[in-house]
1. For segment 60-80, check the following and say yes or no: at least one residue is more than 20 Å from the chain's Cα centre (by Cα) and either aliphatic (A, V, I, L, M) or at pLDDT 85 or above (or both).
2. Being more than 22 Å from the chain's Cα centre (by Cα), in a helix (DSSP H, G or I) and at pLDDT 85 or above is true for just one of 133, 138. Which residue is that?
3. Criterion first (more than 24 Å from residue 217 (Cβ to Cβ) and at pLDDT below 90) does residue 155 satisfy it?
4. For segment 28-42, indicate whether the set of residues that are surrounded by 14 or more Cβ atoms within 10 Å (Cβ to Cβ), modelled with pLDDT of 85 or more and in a strand (DSSP E or B) is non-empty.
5. How do the pairs read when you match residues in segment 114-126 that are more than 16 Å from residue 90 (Cα to Cα) and not assigned by TED's automatic domain parsing to the domain that holds residue 202 with residues anywhere that are among the hydrophobic types (A, V, I, L, M, F, W, C) and at pLDDT below 90, using Cβ under 7 Å and keeping only pairs 6 or more apart or on different chains?
Amino acid sequence: MKKFAVIGIMVIFAICSFTSCEGGLFVSKAGPADAENALKLIPKDVIAVFFIDTQRLMTIDFINNLINEKESDETSDELTDFQEFKAKTGIDPAKDINFIVGAIKEKTEKGKKEGVGIINLTYNKDLLLSTIKEELAKENEEEHGEEEEGKEEHELIEEEYNGFTIYTVREECEEEEEEEHGEEEKEHGKKHEKGGSFSFLDDSNIAVGNENSVKSVIDVLQKKKENVFKNEGFSSLLTKIDKEAIFWGAAFIPTDAIKEAISEKPELVILEAVNAASVSLDYKNKNIIADIKIMSNDPTKNQELADNLNGYKSLGALIQIQDLNMAEILDRIEITSFPDHVNIYTSFPEDLPQTIIDKLKMEKTKKEKKDI
């Protein structure tokens, strides 16, 4: 399984949620998604949040088809990794992960963004932890061999923090890489970097991310720090999102980021008034629904942006790619201007993505046969 168990576990945690010291603070057992409740453990100082209802996601035939296709492909390395992950951890992501909430915090003093994900799932703590330690040990052995037995380039360190244990992967790095990494330590002349951290909040919830962000979640849990609902701007943004959707996300867009983008591509000047954005994806009546909102308090700029996007849409409708009628696809997209935002909305049958993929595969097969 090589790096999949260590990195893969961390990635699944990060993209795939909490415990309660007091009744009503959060879901303290594995269960159905509840976005409003889940957000109560997200720290106040964030610039972006996202939520995934993984159980409802699995009800979409298109998603199931993709997974089944991978599982039926005996030559796929991903299949081997996936099966090995399930066997070693006892976790089947498709069945055992219920929902995920995550956030990106504001830049640190070193200019790095930090993030955290909280996962609500059914898992065995001892089995999962032993698997991570086992894979780290295996990775050390594979990289250094028997001749350097005992040398640990990858290490799982533990830290007690307000009654919780925070586990952090620490890796030895080359001295010339020192400036490229974030937080580092020097121990007995060796340079180390801290990788991802995680903490078991209770029997059904795990926090994963940067060490400081994981600590922030614990602080919010213990009411030592305020949650995102105390962030007036973000709280207002969250009211405009369909939090019942299968997936949704929202983010503030820093003015500096907009200015930098415009300086590199002047044509993006139509975005200069944008200050936030949100997206939601849902599944209803066998249709996949996407709703994007680009926030701005300048009605004139909003109209200008909507007009430009509709212009690009019209141009795109003239294009046909590998027997795909772009007009038919783009005709499903509605772009509308409002005083405080531009709305991009589309709804399409759940079999449309599969139809497009099948056509592209057919075209690829034809090309391969022709080349032969």
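1. Taking segment 60-80 first, the residues more than 20 Å from the chain's Cα centre (by Cα) are 61, 65, 68-77, 79-80.
Applying the additional criterion that residues be either aliphatic (A, V, I, L, M) or at pLDDT 85 or above (or both) yields 79.
Yes, some residue in segment 60-80 is more than 20 Å from the chain's Cα centre (by Cα) and either aliphatic (A, V, I, L, M) or at pLDDT 85 or above (or both).
2. Details: 138 fails: at pLDDT 85 or above.
Only one candidate passes the filter, namely 133.
3. Numbers: more than 24 Å from residue 217 (Cβ to Cβ): no; at pLDDT below 90: yes.
So residue 155 fails the test.
4. no
5. Cβ pairs passing all conditions: none.
Residue-wise test of (1) within 19 Å of the chain's Cα centre (by Cα); (2) closer than 21 Å to residue 235 by Cα; (3) at pLDDT 85 or above.
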{"site": "86", "(1), (2), (3)": "no, no, no"}
{"site": "90", "(1), (2), (3)": "no, no, yes"}
{"site": "94", "(1), (2), (3)": "yes, no, no"}
{"site": "97", "(1), (2), (3)": "yes, no, yes"}
{"site": "100", "(1), (2), (3)": "yes, yes, yes"}
{"site": "104", "(1), (2), (3)": "yes, yes, yes"}
{"site": "110", "(1), (2), (3)": "no, no, no"}
{"site": "117", "(1), (2), (3)": "yes, yes, yes"}
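The values are calculated or read from the model by the stated rules, or taken from the named source; none is laboratory data. All figures in this text were calculated on a predicted structure; none of them were measured in a lab. Cβ sites come from the backbone with ideal geometry, for glycine too, and all protein chains shown count toward neighbours.
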